[in-house]
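Here the structure is laid out as structure tokens; the discussion comes afterwards.
Please treat every number below as a calculation from the coordinates, not as lab data. Given the structure is predicted, the values throughout are model-derived calculations rather than measurements. All Cβ positions, even for glycine, are placed from backbone atoms using ideal geometry, and neighbour counts span all protein chains on display.
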Amino acid sequence: MIIKTFACNDMLTVEYDSRITHNFKIMDYVPNGYTIWNVDMPDGFLLLCKLSAYQPFKGGQNIDAESLVAIKFSKAQILARASMLYGIGSLSQAERYIKRYRDSKKNSYAYKKSQKIQKALPLFNQIKWA
């Protein structure tokens, strides 16, 4: 849960109730290699991360906490929720999933998920992706 949020110049600082503080560089686009970070989002900002070069085990998902990015986006909460629920963190992932499962049976989980991701696609398209 977010306790405090400070935005100053090109930096955003978010303090969580667990006393963890993260600093984000505010940008106007999503850099290559970044994805939506599945954490609480402050109002008006979409938080992004990239995986760390070092992973402690195969399949690890450690993030590079020194290179966090935020973009101003009024519908960040909606997009973050879609990302968390469906595991889609970028426009390319959304497009790949929709393409892969477009011919699924109508009542299947894959079909229903692809339909919900399709509804979120306009939000993904409102963001500038590098």
Highest to lowest packing among 96-105, 110-119, scored as the average C-beta count within 10 Å: 110-119, 96-105
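Mean projection of the alpha-carbon convex hull of the chain over all orientations, in nm²? Write down the numbers at each step before the final one.
On the way: hull surface 35.8 nm².
Taking the Cα atoms of the chain, their convex hull projects to 9.0 nm² on average.
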Whole-Hz ³J(HN,Hα) from phi, Karplus 6.51 cos²θ - 1.76 cosθ + 1.60, for the range 14-31, glycine and proline x: 10, 10, 9, 5, 7, 6, 8, 10, 10, 10, 10, 7, 7, 10, 9, 8, 8, x
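In debye, nearest 20: dipole of the chain around its Cα centre with unit charges on the Cβ of K, R (+) and D, E (-)?
Details: 19 positive and 10 negative charges, 191 e Å.
Roughly 920 debye for the chain.
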q = 0.12, 0.17, 0.26, 0.31 Å⁻¹, the range 54-107: log10 I(q)/I(0) [Debye, one scatterer per Cα]: -0.45, -0.82, -1.13, -1.16
Amide H contacts of Trp129 (H built 1.01 Å from N, under 5 Å, at least 5 apart or other chain): Val30
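Only helical DSSP H runs with n ≥ 4 go in: add -39500 (n - 2.57) per run for the chain, normalise by residue count and round the 222 nm mean residue ellipticity to 500 deg cm²/dmol.
Values: 3 runs with 39 residues, N = 130.
Mean residue ellipticity, 222 nm, calculated: -9500 deg cm²/dmol.
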